[in-house]
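Colleague: Once you've had a glance at the structure underneath, I'll fire off some questions.
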Amino acid sequence: MEHSSGLIQAVIFEAADRNNIGGSAYGGQRSICCTPDLAKLEGCKQGEVIRIPSATEINWPMVLSIQFNGNDLSTQMNNAEVSIKKTGMHNLFFIACDPKLKGTVMSGKTVWKNPDGYLPGRMAPLMTFYVYMAIAYLLLSAIWFSQYMRFWEDILQLQHCIAAVIGLGLFEMILWYLDYSNFNKTGMRPVVTTAWVVTVGAIKKTLSRLLILSVSMGYGVVRPTLGGLTSKVLLIGATYFVASELLDITEHVGTINDVSGRARLFLGLPDAFLDAFLILWIFTSLSKTLEQLQAKRISVKLDIYRKFSNALAVAVIASVAWITYEIYFKATDPFNERWQSAWIITAFWDILSFALLCVICYLWAPSQSSQRYAYSEDVGEEFDDEEAQSLTRGQSNGDVSLVKQEQKNGN
């Protein structure tokens, strides 16, 4: 040992036992390394990590030592296998108490494996969750596409868009399950595979938001096209896709642990801003659509849009409440001790998105009367392309197209 210097210690401990690492002299600031004063009080060895044996396991926390030999500028830690018998959030720290080792660079890898596989405990429930979500999307697909094919001749353009979102949702859930399953079996997340998963997810999230925006504008129901707004809708869609893709790639591709708080906040800000902008645009458009339908006294369409606006309002309120809870959850759990329920934070958004999609499917389900909800020039529905002029100008003689359609059905 006289020819060894520069001690580095690997410390493995459970989050609940974090106070068993370090000590405090005379009630002062807590120190991880043993100082001269602490050596007198605690009986620790100066220059080493202070370790207090756990009340339940005397060999825990575990400390492994690595030293430099003589004047060597590098050293190597032998492979070490540590058996962890207690469920919990475990941490691995490499600590150098020697001031001469300041600026030391370390490289290598650690492999963590649970009894059921390599998937981290906080991610493991999501693999089962994606199975249930895939089944839910499969059931929705079966119901929707059976009606879709049955009433093919009466399908609206809007219903084609809904079918695309359902298909992408099912594909996304299957890909997430395959990604997590592969990770659980191999302990690795191939960059290409995970990149495909997050890209499909970003496309689906973008189309879902554009679908809601288009519905709110009355596309295919109150207006035949989006007119001059098409370019603006496509621009906001492309921008949202890029922001969502960057956030998801940084958070998932090639990584296992969560992104650090600052990085998550920095990348999440554009995504959150665009979501807020879309929500404002959606409700503004929805309000104008409702005004137009009410002015024209188109009762059938008005009833559908009122139900849709109520569902959307509930979804927004739920989102705001959940974001508040998510902030509280993370702020009150700095050591990730509530890791067993952390998966719910991610799962909620998939559940909310699916629930809103189900509402849209219910309100605009393919049927023999689908054309009753389609745009018709006979009603004189007037929408300015830029949505800048009044939505209620002119007089209405009622829903002529609905009357004509009912006469046709009667024949």
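The values are calculated or read from the model by the stated rules, or taken from the named source; none is laboratory data. If you're wondering where the values come from, they're calculated on a predicted model, not measured in any experiment. Cβ atoms come from the backbone with ideal geometry, glycine included; neighbour counts cover every protein chain shown. Please note that ligands, DNA and RNA were not included when accessible areas were found on the heavy atoms of the full protein model with its side chains. Shrake-Rupley method; radii C 1.70, N 1.55, O 1.52, S 1.80 Å.
Every residue, every condition in (1) among the β-branched types (Val, Ile, Thr); (2) within 30 Å of Lys185 (Cβ to Cβ), yes or no:
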{"position": "Ser24", "(1), (2)": "no, no"}
{"position": "Ile58", "(1), (2)": "yes, no"}
{"position": "Gly70", "(1), (2)": "no, no"}
{"position": "Asp98", "(1), (2)": "no, no"}
{"position": "Val105", "(1), (2)": "yes, no"}
{"position": "Asp116", "(1), (2)": "no, yes"}
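Colleague: Which of the residues belonging to region 182-213 are assigned to a helix (DSSP H, G or I), in contact (Cβ under 8 Å) with a residue 12 or more places away in the chain, open to solvent by 20 Å² or more (accessible area, probe 1.4 Å) and not aliphatic (A, V, I, L, M)?
Modeller: Correct list: Asn184, Lys185, Thr186, Thr193, Trp196, Thr199, Lys205, Arg209.
Colleague: For region 297-309, what are the residues that are open to solvent by less than 10 Å² (accessible area, probe 1.4 Å) and more than 21 Å from Cys358 (Cβ to Cβ)? Write out each step before concluding.
Modeller: Initial filter on region 297-309 (open to solvent by less than 10 Å² (accessible area, probe 1.4 Å)): 298, 301, 305, 308.
If the condition is that a residue be open to solvent by less than 10 Å² (accessible area, probe 1.4 Å) and more than 21 Å from Cys358 (Cβ to Cβ), then Ile298 is the only one that fits.
Colleague: May I ask you to verify whether Ala55 is surrounded by fewer than 16 Cβ atoms within 10 Å (Cβ to Cβ), at pLDDT below 85, aliphatic (A, V, I, L, M) and assigned to a loop (DSSP other than H, G, I, E, B)?
Modeller: yes
Colleague: Out of all the residues in region 98-142, which are free of Cβ contacts under 8 Å to residues at least 40 places away in the same chain, closer than 30 Å to Cys361 by Cβ and not small (Gly, Ala, Ser)?
Modeller: Thr128, Tyr132, Ile135, Leu138, Leu139
Colleague: Of the residues Ser65, Ser54, which single one is more than 26 Å from Gln340 (Cβ to Cβ) and either assigned by the TED database to the domain that holds Pro36 or not β-branched (Val, Ile, Thr) (or both)?
Modeller: Criteria check complete, one pass: Ser65.
Colleague: If a residue must be aliphatic (A, V, I, L, M) and under 22 Å from Lys113 (Cα atoms), how many such residues does region 54-81 contain?
Modeller: 5
Colleague: Can you tell me which residue in region 71-103 is farthest from Cys33 (Cα to Cα), limited to those that are small (Gly, Ala, Ser) and surrounded by 10 or more Cβ atoms within 10 Å (Cβ to Cβ)?
Modeller: Narrowing region 71-103 to residues small (Gly, Ala, Ser): 74, 80, 83, 88, 96, 103.
Filter once more, so that each one left must be surrounded by 10 or more Cβ atoms within 10 Å (Cβ to Cβ): 80, 88, 96.
On the way: Ala80: 23, Gly88: 25, Ala96: 8 Å.
Applying the filter and picking the extreme gives Gly88.
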